Amino acid sequence: MRNFIGLVFVLAPFLLSAQDNGTNMSTYLSPYAGVTFQGVVNTKQTGTAHLRGNFNVFSTDFDLQVIVTGESASTMGYTYGFTYGSVWKKEGRKLNPGFEIDVFQNSSAHESKLSNPNTEVVANVVGPNRDSVLSLVGQYYGAGKHTFSNTMTMNSWNAAVNLTLSYDFSSKISVNGALGAGFTAVTLKNGVSLQSGPAPADPGFEATTDNGGGVVNHFNSQPNASDNLMFGLLRLGTKIELVENVALRIDARGMYMGESTFVFGSTVYTDHAPTDNWTYMIDKGITYAITVGLRVSL
């Protein structure tokens, strides 16, 4: 946002000069599609399991507060959208400012591995054998022993406002750049969170009798979650005129987002301790994209 505000002040003289005599405003529409790349980002998952006496050998009720952290895997995805923009051109001027509204969707897979950096915390112990409970938790849920493997699909709808600068090398070829800010609505769909430790060797994840010995999805009561946040956008590209009023447009994009928080449902199985809703956090990061489209002058 600071960069966007700074760009407004830098480009303000250009935008004001666009009102001079001899300046023409041209508008365009540019549909595009491309591929995205998301690098490694930090992740964190928290929740509380309410272990009652019938779920342990000590007939003691207690809460297990789960805090696991990790990293997501690098993934590729796709993007598509359209840009509506205007450029203030003046005869003989090669550097021209402009303004855009950019609407697009991103979609990719999201995977992460997480483990507890510290021994999980026991709280609200009600019943005998407190020391035995703490010893058991230290044995099975000590630092690094509580591990999860998460998979889901990440989709986002995005809308940005950009300030642009274009430089004309000739009447047919130009380079352009844009800096903007906008809002994104991110949805994580079909979330699956499997406990890989402690877990039986077969199937390698915590299992349940509810589905015939299948794995436990800790997000099973609500596998979808969403969050809304702001982002910054940087774009660099080129425009090559193909025919009159139609040009090929190739862009490299960087989309910076801050930390996002998603709330999935609780774990609900007859043979699994009930849990609170799970909170899943994805740290700030940059999504890169290469897009190709057509720019049609209106």
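The values are calculated or read from the model by the stated rules, or taken from the named source; none is laboratory data. If you're wondering where the values come from, they're calculated on a predicted model, not measured in any experiment. Neighbour counts are summed over all protein chains in view; Cβ atoms, including those assigned to glycine, are modelled from backbone coordinates with ideal geometry.
For the reader, a short list of remarks on this structure follows.
- Taken as a whole, the structure leaves Phe104 outside the set of residues that are over 30 Å from Thr187 (Cβ atoms) and buried (at least 17 other Cβ atoms within 10 Å of the Cβ).
- Phe231 vs. criteria farther than 22 Å from Val161 by Cα and either in a strand (DSSP E or B) or modelled with pLDDT of 95 or more (or both): no
- Per-region count, the range 193-244, residues under 26 Å from Gly285 (Cβ atoms), surrounded by 16 or more Cβ atoms within 10 Å (Cβ to Cβ) and not hydroxyl-bearing (Ser, Thr, Tyr): 14
One line per residue, one yes/no per condition, for (1) over 25 Å from the mean Cα position of the chain (by Cα); (2) over 27 Å from Asn42 (Cβ atoms):
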residue: Ser112; (1), (2): no, no
residue: Gly127; (1), (2): yes, yes
residue: Gly144; (1), (2): yes, no
residue: Asn158; (1), (2): no, no
residue: Lys172; (1), (2): yes, yes
residue: Gly177; (1), (2): no, yes
residue: Asn190; (1), (2): no, no
residue: Ser193; (1), (2): no, no
residue: Pro198; (1), (2): yes, no
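- Candidate set: the range 170-185, residues that are farther than 18 Å from Gly232 by Cβ and in contact (Cβ under 8 Å) with a residue 12 or more places away in the chain; chosen: the one surrounded by the most Cβ atoms within 10 Å (Cβ to Cβ): Ser174
- Residues (free of Cβ contacts under 8 Å to residues at least 40 places away in the same chain and within 27 Å of Ser86 (Cβ to Cβ)) located in the range 254-298: Gly254, Tyr256
- Condition broken by Leu64, with the remaining ones in (1) farther than 30 Å from Gly293 by Cα; (2) within 26 Å of the chain's Cα centre (by Cα); (3) in a strand (DSSP E or B); (4) of a type outside the set (Asp, Glu) satisfied: (2)
- A Cβ distance below 9 Å, combined with a sequence gap of six or more or placement on separate chains, defines the contacts here; from the range 96-118, residues that are farther than 30 Å from Thr27 by Cα reach residues that are charged (D, E, K, R) in the pairs Ser112/Glu71; Lys113/Glu71; Leu114/Lys44; Leu114/Glu71; Ser115/Lys145; Asn116/Lys145.
- Sole residue being surrounded by 14 or more Cβ atoms within 10 Å (Cβ to Cβ) and part of a helix (DSSP H, G or I), chosen from Val133, Val122: Val133
- Looking across the range 104-145, the residues that are among the polar types (S, T, N, Q) and closer than 23 Å to Tyr280 by Cβ come down to Gln105, Asn106, Ser107, Ser108, Ser112, Ser115, Asn116, Asn118, Thr119.
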